[in-house]
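Take a look at the structure below.
The values are calculated or read from the model by the stated rules, or taken from the named source; none is laboratory data. If you're wondering where the values come from, they're calculated on a predicted model, not measured in any experiment. Cβ placement follows ideal geometry from the backbone for every residue including glycine, while neighbour counts extend to all protein chains displayed. The area values use the complete protein model at the heavy-atom level, side chains included, leaving out ligands, DNA and RNA. Shrake-Rupley method; radii C 1.70, N 1.55, O 1.52, S 1.80 Å.
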Amino acid sequence: IKWKPDENGVIAFDCRNRGWYIQAATSPKDIVILVDVSGSMKGLRMAIAKHTITTILDTLGENDFVNIIAYNDYVHYIEPCFKGILVQADRDNREHFKQLVDELMVKGVGVVSQALIEAFQILNQFQESRRGSLCNQAIMLITDGAVEDYEPVFEKYNWPDRKVRVFTYLIGREVTFADRMKWIACNNKGYYTQISTLADAQENVMEYLHVLSRPMVINHDHDIIWTEAYMDSRLFTSEAQSLVLLTTVAMPVFSKKNETRSHGILLGVLGVHGYAFLNTNNGYILSHPDLRPLYRDGKKVRPKPNYNSVDLSEVEWEDQAETLRTAMINGETGSHSMDVKVPLDKGKRVLFLTNDYFFTDISDTPFSLGVVLTRGHGEYILLGNTSVEEGLHDLLHPDLTLASDWIYCITDIDPDHRKLSQLEAVVRFLTGMDPGLECDEELIREVLFDAVVTAPMEAYWTALALNISEATEPGVDVAFLGTRAGLLRRSLFVGSEKISDRKFLTPEDEASLFTMDHFPLWYRQASEQPPGSFVFNLRWEEGPDSPGKPVAVRASTAVTVTVDGKTAIAAGRRYPEPLR
């Protein structure tokens, strides 16, 4: 793919900076960054050093561990809370380090030996205690020169095995200390580079990735990796740009030429009763009903700063000591039950439920899948049988609609189908007008059954409306009914101009509709209550002109049916087949 320049003619995109490239090109790693903050580093040199550290941090991911030590006459951790340890290089920690690096000040004389000893001790402790990445270990030394005797440190802590690689970055245009910096890198299986301008940092920092990838080439390792979740734009069939949450599957591609294989040359990288969720082996949510990674900034939609590091414990509040989280991180298969508080309506309402969790790992990926069911549900499914002719008659009633976001039929592939609504596509499929349509036959059977079963409600509502005289006091504006298959019936008891809540059941009030990722609020509340009980929902007028003004009271209840002597809620939560 040819990279496109921006309006200034600059090609800012470099795939080597992307997480999928970095993770595929290297293995997990423990990194200790040593930065010289002595007086000789003042001015532009310190600015280049800070930019170099930031660039290194951008090459790290959730499978890596890192710490940063600044040194001059003495050694100090730029984050005192992380003294003597390595921390996971997740987004939050990387951004925290960047802020601290920006605040670094220069003074004193640079003494590198004590900083090297501190770094080796941390790495050795983590290796011996089986903590950290349990893979590559490296020290990044960023300085404008090394003037002391550092060889005894390497003899004591790293030779002869040289398990820790040392990468040296010489800051500035001076070459006086170049030979010493090269010696440190070459005698510790690392790489030396000189960074004399801010523009040099990006290209020179990337060299360490090639060095760390060499063992993978020589050993012919081509492991497939799954990246952490990240936000990016995706091109849909409508050619409209939209931000979505993605993961990338990638593997390294190496040179197979005999003269280059031994050197390890990397060529590139290819790159309302239940719900399901995915999380990574680091405990971060990849997909969950309560994961809201975007926020609106004026007219633009932007990803939240920590959108890809929301922990499972933040959305599934356990009443026990993270039993569920621990089991899923360890890739176990099993089940777990616990009492939960489920927020609804942007946190304004809450349901008190007992949930059953079923979980397992997904083979050859770092992900685990969880399925949640409210206690007492999921044991039975209501199946109906009705003729196409009878179902079509009731399906075509003017006050009946289907969930427009659900996929009853696939309409986004064939250009001739893209203008069809889901209801129109279902009718064309049932009547045989379009044999080329691909539809979910099970879901359509349920829609037809629901249409026939709920048809008598229209006559009942009509009779009630006819008995209401103009002299009657204001009461019911609209009656509505929803089913598990996304069918919605709506009947007005007053003229449309007299409706007190005109947004209800319209696209403007998304919370009241069946959408791709949730059932209506009124449906969810009613279905989680005991059969026969009513749920009342008071909606308040929103806006500066009428704060606190009540608009309407909605009441909903769950209708029950009996199946083999067992009571089941017919309004049970159900996603269409393509979403399972």
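How much of the accessible area of the stretch 289-330, probe 1.4 Å, is carbon plus sulfur, in whole percent?
Carbon-and-sulfur percentage of accessible area, whole number: 50.
Once the convex hull of the C-alpha atoms of the stretch 99-189 is built, how many Å³ does it hold per residue, rounded to a whole number?
So the per-residue hull volume is 122 Å³.
Can you give me the three principal axis dimensions of the stretch 25-111 from its C-alpha atoms, in Å, biggest first?
35, 25, 20
Under the rule a/c < 1.5 gives rounded, and otherwise a/b versus b/c splits prolate from oblate, where does the stretch 352-473 land using the Cα gyration tensor?
Working: a/c = 2.31, a/b = 1.29, b/c = 1.79.
Taking the square roots of the gyration eigenvalues as a ≥ b ≥ c, the stretch 352-473 is oblate.
Hey, what's the stretch 350-494 come to in accessible area per residue, 1.4 Å probe, Å²? It would help to have the intermediate numbers written out before the result.
On the way: 8100 Å² over 145 residues.
Here the per-residue accessible area is 56 Å².
Could you tell me the distance between the Cα centroids of the stretch 1-76 and the stretch 295-371, to the nearest Å?
32 Å
Need one number: nm distance between label points at V109 and A465, each 7 Å from Cα along Cα→Cβ, rounded to one decimal.
So the two model labels end up 9.3 nm from each other.
Treating each Cα of the stretch 373-443 as an identical point scatterer and ignoring solvent, apply the Debye formula and state log10 I(q)/I(0) at q = 0.21 Å⁻¹.
For the stretch 373-443, the Cα-only Debye profile gives -0.97.
Find how much the distance from N330 to H397 grows on full extension, using 0.36 nm per residue of separation minus their present alpha carbon separation; answer in nm with one decimal.
Result for the pair: 18.9 nm of gain on full extension.
For the stretch 406-458 and the stretch 473-510, what is the separation of their C-alpha centers, rounded to whole Å?
Centre-to-centre distance over Cα atoms comes out at 23 Å.
Among V342, V388, T365, which residue has its Cα furthest toward the positive end of the charge dipole of the stretch 338-396, with +1 on Lys/Arg Cβ and -1 on Asp/Glu Cβ?
Going by the charge dipole, the pick is V342.
Sort 397-410, 328-341 for me by packing, meaning the mean count of neighbouring Cβ atoms within 10 Å per residue, highest on top.
Packing proxy ranking, top to bottom: 397-410, 328-341.
Let's test the formula: R0 of 51 Å, r as the Cβ-Cβ distance of M433 and L243. What FRET efficiency results, to the nearest 0.05?
0.85
Based on the Cβ-Cβ distance from I413 to E148, what FRET efficiency comes out when R0 is 51 Å, to the nearest 0.05?
0.15
Across the Cα atoms of the stretch 320-385, what radius of gyration and what greatest pairwise Cα-Cα distance (Dmax) are found, in Å?
Calculated on Cα positions, Rg and Dmax stand at 14.8, 47 Å.
Which value, in Å², gives the accessible area per residue of the stretch 1-112 when a 1.4 Å probe is used on the protein heavy atoms?
Numbers: 5160 Å² over 112 residues.
Heavy-atom SASA per residue in the stretch 1-112 reads 46 Å².
List the residues of the stretch 164-195 whose backbone N lies under 14 Å from a point placed 7 Å from the Cα of I11 along the Cα-to-Cβ direction.
Output list for this probe position: empty.
7 Å from Cα along Cα→Cβ at both W159 and K299: what's the point-to-point distance in nm?
In this crude spin-label approximation the distance works out to 6.6 nm.
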